[in-house]
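Please treat every number below as a calculation from the coordinates, not as lab data. What you are looking at is a predicted structure, and each value in this text was computed from that prediction instead of being measured. Ideal geometry is used to build each Cβ from the backbone, glycine not excepted, and the neighbour counts take in all protein chains shown.
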Amino acid sequence: MSGFRNSLLSRDVIPFYLSLAILGGAALAIDAGLHLANAVWVGRYLGIPGVLLILASSGYSMRKRKLIKSGQPASLLRWHERLAWAGSLLILVHAGIHFNAILGWLAVWAMLVNIASGLTGKYLLGRARKRLEATRSTLRAQGLSPEALEEQTYWDSLTFDVVKAWRVVHLPITLAFAVLALAHIVSIFLFWGWK
């Protein structure tokens, strides 16, 4: 059991899921506060700044793909994370617990999967790579044979291989979220009572 306690799963994967729970808890708390303050109508309009924040966060992706040349990638990544988190929070509050728009909810689910895949890259992949290599270096310094080293790091290696697959999910889910969000926004403009 001590192997599991010191494994990548218990050190990094479980805290990652806790960070997702914090986002969900914050959204629920804000939504509950709006209900208690009899200001549910405010949530209806939080989708607009939420989308704008998420769009503003795309500077990192554009710089990474060389679509823009300005900005430091590390700084843009931090802004990407913060703006996307804040925008996602506002959109989750906007969605609330009201189930009256299937297109909107599809967009929310795509956004949640996108958040999970983005956080996987942020929290897990970098930390997992560093910890796995640090563990291997320590064990090599202790004189373990390659077979013993492999046995000692089995769970960490297995978890790391699963975590590496996040890139396969992040871009297509980002595109799915963008298409569903755009369709939701267009449908709102089409069916809005413009009187």
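How many lysine pairs are close in region 2-191, with Cα atoms under 19 Å apart and the two 8 or more places apart or on different chains?
Working: Lys64/Lys122; Lys64/Lys164; Lys122/Lys130; Lys122/Lys164; Lys130/Lys164.
Taking the Cα cut-off of 19 Å, the pair count is 5.
Which helices count as membrane-span-like in the chain under these terms: full DSSP H, at least 15 Å along the axis by C-alpha, Kyte-Doolittle mean of -0.5 or more? Write down the numbers at each step before the final one.
On the way: long enough: 14-36 (32 Å, 1.59); 73-95 (32 Å, 0.63); 102-119 (25 Å, 1.83); 126-141 (23 Å, -1.22); 166-191 (37 Å, 1.92).
Span-like helices here: 14-36, 73-95, 102-119, 166-191.
Can you find, among Ala178, Trp41, Tyr60, the residue sitting farthest towards the positive end of the charge dipole of the chain, where Lys and Arg contribute +1 and Asp and Glu -1 at Cβ?
Of the candidates, Tyr60 comes out farthest on the positive side.
Highest first, please rank the peptides 32-44, 72-84 by the mean number of other Cβ atoms sitting within 10 Å of their residues.
Working: 32-44: 12.2, 72-84: 15.2.
Packing proxy ranking, top to bottom: 72-84, 32-44.
Taking the Cα centre of region 2-191 as origin and charging only Cβ (+1 Lys, Arg; -1 Asp, Glu), how large is the dipole, in debye to the nearest 20? Write down the numbers at each step before the final one.
On the way: 19 positive and 9 negative charges, 151 e Å.
Rounded to the nearest 20 debye, it is 720 debye.
Residue separation times 0.36 nm, minus the C-alpha to C-alpha distance between Ser187 and Ile68: what's the value?
Working: separation 119, 0.36 × 119 = 42.84 nm, distance 3.10 nm.
Here the segment from Ser187 to Ile68 would lengthen by 39.7 nm.
Provide the net charge surrounding Leu149, with neighbours chosen by a C-beta distance below 13 Å and charges set as Lys +1, Arg +1, Asp -1, Glu -1.
Working: positive: Arg136, Arg140; negative: Glu133, Glu147, Glu150, Glu151, Asp156.
It works out to a net charge of -3.
Calculate the spin-label point distance for Val179 paired with Ala32, positioning each point 7 Å from the Cα along the beta-carbon direction, and give it in nanometres.
Calculated label separation equals 3.7 nm.
As a test of understanding, state the convex hull volume per residue of the chain from its alpha carbons, in Å³. All intermediate terms of the calculation are to be shown ahead of the outcome.
Working: hull volume 30.9 nm³, N = 195.
About 159 Å³ per residue, rounded to a whole number.
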